[in-house]
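Here's the structure, in C-alpha cells; my notes come after.
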Amino acid sequence: MKQIVVFLLFTLMVNVSFAEKLPPDYQTCKQDDPNFSKCLENAIQDAFLRLENGIPSLNVPPLHPLRTPSLTIGEGNGAVNVKQHYTNFNVYNFGKGRIEKFNVKLTSTDFKLELEIKYSEVRVESDYSLDGKVLSLPIVGNGKCVVKFINSTAKVELQSETYEKKGDTYLRIKDLQLKIIPEKLTFNFENLFNGDVQLGDTMNKLLNENWEVLYQDIEEPIVEATAALAIDYANRILSKVPYHELF
C-alpha cells in the first residue's frame, strides 16, 4: 500500500537516464533533446514493465513484488485506534501503472518531477498483527492479510538537490510529496479473534463497508511510510551514480 509508487518512479527515472550500464533494450534520453520531457516519460513507462524483474547489474530489485521486511503503524485518534505491525510486506502490480500526467524540470543543481499514475489494482499481501479498536469495536488477531487498492491515482511531487562527494557531484532527494487516491479498498484479514470465523467474517465485512472512513484515518501514516521508503531506496542508488552520468 504504502506501497510505495513514487519511489518506484524515481528509481525508474534514474535507471533510464543512466545509459552506460543499462541493458541495450532500455530507452535512454539526452538532456539537450528538445523533447526530453516526453522522452523521459516514455522511457519511465517502458521501464515500469522491464523492471518487474529488476536489473541485477545495477543491484535494482524486482518491482514484482516490491518487498518490505516490516512496517509498523501506531494507534490513530479516529476510526482506526489500532496498533498495526506487518512483516513480509509484499506489494504487487507497481509495474503496471499508467502515467497520465508528467512534468520534469532539470538544472545543473536541481531536479523536480511531478506526475500522476493510474493503477487498476495494487495488491498488498503480508503477515499482520493487530490490537485495538476499529469504529469503536475491538479488533485483535495475527495471520495473513490481503489489501487491494482498486482504480487508484498516485500523485507525486519530487524535489532533489546536488551535493559534492569525492570530487564528484551527486543527486539526492530532499522532499517527496505523495497522494494516493483509491476508488475503493478491500480488506481480508485471516485468523482474526484467534480464528473465530464468525467474528472474523463480520469484522472483514465491517472494514470493507466502511473503507472510506478507515482510509481517512490511515492515509497519512501510509503515505509517510511510503515516501520514506521511496527516498531511502532512491538515494541509495543516487549515491553511487554521479549527476553528470544520470542526464
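How about region 128-188: which chymotrypsin sites (Phe, Trp or Tyr not before Pro) there lie in a loop by DSSP and see at most 15 other Cβ atoms within 10 Å? Of the chymotrypsin sites (Phe, Trp or Tyr not before Pro), not one in the loops of region 128-188 has a Cβ with at most 15 other Cβ atoms within 10 Å.
In the chain, excluding the sites themselves, the longest stretch lacking any of the GluC sites (Glu not before Pro) that are in a DSSP loop with at most 13 other Cβ atoms within 10 Å is 76-182. Over the C-alpha trace of region 146-247, radius of gyration and Dmax come out as 19.9, 64 angstrom. Could you state the angle between the C-alpha long axis of helix 6-17 and the longest principal axis of the C-alpha atoms of the chain, as a value from 0 to 90 degrees rounded to the nearest 10? Once rounded, one gets 20 degrees.
Mind giving me the FRET efficiency for LYS38 and TYR163? R0 is 25 Å, r the Cβ-Cβ distance, nearest 0.05 is fine. Here the calculated transfer efficiency is 0.30. Based on the Cβ-Cβ distance of ILE150 and ARG67, what FRET efficiency does E = 1/(1 + (r/R0)^6) give at R0 = 22 Å, to the nearest 0.05? With a Förster radius of 22 Å, E is 0.50. Between the Cα long axis of helix 197-209 and the first principal axis of the chain there is an angle of about 50°, rounded to the nearest 10.
Each part reduced to its alpha carbon centroid, region 77-147 and region 19-59 end up 25 Å apart. Past 28 Å, Cα to Cα: identify those pairs from LYS105/LYS155; LYS30/LYS148; LYS118/LYS165; LYS112/LYS165; LYS38/LYS184; LYS96/LYS165, in the order given. As for pairs spanning more than 28 Å Cα to Cα, those are LYS30/LYS148; LYS118/LYS165; LYS38/LYS184; LYS96/LYS165. Quick one: go through region 195-209 and flag any residue whose amide nitrogen is under 15 Å from the point 7 Å out along the Cα-to-Cβ line of LEU137. Within reach of a label on LEU137, which here means backbone N under 15 Å from a point 7 Å along Cα→Cβ, region 195-209 contributes 196-209. Partnerless cysteines in the chain, where a partner means another cysteine C-beta under 4.7 angstrom, comprise CYS145.
Counting only the Cα atoms, region 14-123 fills a convex hull of 159 Å³ per residue. Under Stokes-Einstein, with the Kirkwood radius over Cα pairs standing in for Rh, what whole-number D in µm²/s applies to region 18-68 at 37 °C and 0.692 mPa s? Roughly 276 µm²/s, to the nearest whole number.
Using only the C-alpha atoms, the convex hull of the chain corresponds to 117 Å³ per residue. Only helices enter this figure: runs of n ≥ 4 DSSP H residues, each worth -39500 (n - 2.57), summed and divided by the residues of the chain, yield -9500 deg cm²/dmol at 222 nm to the nearest 500.
Each value in this text was obtained by applying a stated rule to the coordinates, not by laboratory testing. Only a predicted model underlies this, so the values are computations on that prediction, with no experimental measurement involved. A quick note on method: Cβ atoms are made from the backbone with ideal geometry, for glycine too, and the neighbour counts reach across all protein chains shown.
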